[in-house]
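Structure first, then comments.
Taken together, the values in this text are just the output of simple stated rules run on the coordinates, not laboratory data. These numbers were taken from a predicted model, which means no experiment stands behind them. For neighbour counting, all protein chains shown are included, and Cβ atoms are generated from backbone atoms with ideal geometry for every residue, glycine included.
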Amino acid sequence: MAPTVAIIGAGFGGLCMAIQLRRAGITTFTVFEKAGGLGGTWRDNTYPGAACDVPSHLYSYSFEQHRGWTRRYPAQPELLAYLEHCADKYGVRPHLRLNTEVTAAAFDESADRWLVTTADGERRPFDVVVSGVGQLNRPRLPDIPGMSSFQGRSFHSARWDHGHDLAGRRVAVIGNGSSAAQFIPRVAAIAGHLDVYQRTPNWVIPKVGEVYGERQRSAFRYVPFLQAADRERIFRFLETVIFPALVDGWSRGLVARRAKEHLERQVTDPVLRAKLTPGYPIGCKRIVIDNDFYPALTRPNVDVVTDPIARVVPGGVETAGGTVREADTLIYATGFHSTDFLAPIEITGRDGHLLHEVWKGGAEAYLGIAVPRFPNLFLLYGPNTNIGHNSIIFMIESQVRYIMGCLPLLRAHGPMEVRPAAMDGWRRALDAAMARTAWTANCDSWYKNDAGKVTNNWPRPTTVYRRITRAPRREAYRFG
């Protein structure tokens, strides 16, 4: 009998899991999605200019390579349409439970099953739970005094207020990461004045060949080999050139020099250029890939403010020196609760162990997929599986294939739980590899928790991850 599977989340991870179950002939699964539609981060982030910073030919499922992309770096509407297409083509929609938030999941040891609870109070039993909630799904607002006193309009970039016209307004943007770099040029073009509050500058490298012309699109569409070859070329470049830059390899200086040249070419004012020059190793924070960000900051109606924010006041923002800069619109580009994996869902494993207590010092999982004391719970895009150089879809497909390999084992031998010894060995190997990366340098990033532990990123090439997740090792688990 096929196992019953609860999938939490209908983004790239949850849909990939659902599709592979369907392709294997398993239909006893439900995809729980708290929102009213599928797509995950590509449903939520609709700010002007929202796009992926991984080339489109690689940022797609290997089994469903779309050949109609209009841009090298796909925009949010195209990505969401791609996911909608995949859900339709592979028959996933009948399994979707939209507007259904999972609030808790508890392992029932007497029945060797999970009880999944939703916000409406329903409880349903499942043999397996797969989390596809990802790392970037809960917007994080800063802790700045006076935020509630602001009398204008305020919102987070991941909850963009499209009903609020920014034309001619005085806008303040707090934050300058990847999302801000994409929407700031669009806002700057229409705002009366824009203040960009920057705590730490980013390393920025240029985008190349952004738009596919009609001839290119036709070639990719009618000669599939060309698209497949381009996908492979992109993958190899990211693995052999960009990854070494993140681990103090041969290309770090090359990529840093490219970023410095990009800054010097686009920002001629020495004062502004000094503000925008990072003082930490490239790769420690996420690298921004953009051609329009720097030019937007040089516009006469834009100021880059590096004075620390003291508080938000009813009419704007007050900096540490006591200066109040007026604003009628406040946009928070302050990222997500990226290190609070699976929050706020309460996950209870064997002997009443709570996952958020087990992870109190920082989230961790064997292969980023399984956790001791939590049988038949599998994670997609879990701890230490994010990457700073390649396509997360490659990692997700590796994880889904691994979980599919676990299903016959647990069906034959009962619930499978990763052994603590396997987790310990994984932790040691991970720590050794992590020590070589730029992410451990002295900079703040969404890759680290408050204690400075890198909980999000994978510190080795993606090809290594694909190899070690090729199939589950029975000796790493106990059954029954």
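The table for this structure:
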{"item": "Candidate lysines - alpha carbon under 19 Å from LYS260, same-chain residues fewer than 8 apart omitted", "result": "LYS207, LYS275, LYS285"}
{"item": "Within straight-line cross-link reach of LYS453, aspartates and glutamates at Cα separation under 12 Å, skipping those fewer than 8 residues along the same chain", "result": "GLU364, ASP431, ASP444"}
{"item": "For the range 356-366, Karplus couplings with θ = phi - 60° (6.51, -1.76, 1.60), whole Hz, Gly/Pro x", "result": "5, 7, 4, 9, 4, x, x, 5, 7, 7, 5"}
{"item": "Where a label projected 7 Å from the Cα of PHE225 along Cα→Cβ would reach, residues of the range 46-75 with amide N under 11 Å", "result": "none"}
{"item": "Amide H within-cut-off set for ARG113, under 5 Å, with H built and near neighbours excluded", "result": "ASP108"}
{"item": "Sorted largest first, extent of the range 284-323 alpha carbons per principal axis (Å)", "result": "34, 30, 17"}
{"item": "Distant-in-sequence amide H partners of ILE347 (H built 1.01 Å from N, under 5 Å)", "result": "ALA105, LEU355, HIS356"}
{"item": "Computed over the range 275-370: relative contact order in percent, which uses C-alpha pairs under 8 Å that are six or more apart", "result": "11"}
{"item": "MRE, 222 nm, helices only [DSSP H, n ≥ 4, -39500 (n - 2.57), over the chain, to nearest 500]", "result": "-8500 deg cm²/dmol"}
{"item": "Point-charge dipole on Cβ atoms (K/R +1, D/E -1) for the chain, about Cα centre, debye to 20", "result": "1360"}
{"item": "Cα-projected label distance for VAL211 with LEU98, points at 7 Å along beta-carbon direction, nm", "result": "3.2"}
{"item": "For the range 51-86 and the range 414-480, distance of Cα centres in Å", "result": "28"}
{"item": "Check: the range 340-438 dipole with +1 on Lys, Arg Cβ and -1 on Asp, Glu Cβ, in debye", "result": "280"}
{"item": "Residues whose placed amide H lies under 5 Å from that of TRP446, excluding near-sequence neighbours", "result": "ARG286"}
{"item": "Estimated Rh, the range 338-451: Kirkwood, alpha-carbon pairs, angstrom", "result": "15.4"}
{"item": "HN-Hα J in Hz across the range 416-425 - Karplus 6.51, -1.76, 1.60, θ = phi - 60°, x for Gly and Pro", "result": "10, 10, 5, 6, x, 5, 5, 5, 4, x"}
{"item": "Karplus (6.51, -1.76, 1.60) ³J(HN,Hα), θ = phi - 60°, over the range 70-85, in Hz, Gly and Pro reported as x", "result": "8, 9, 5, 10, x, 7, 3, x, 5, 5, 5, 4, 4, 5, 4, 4"}
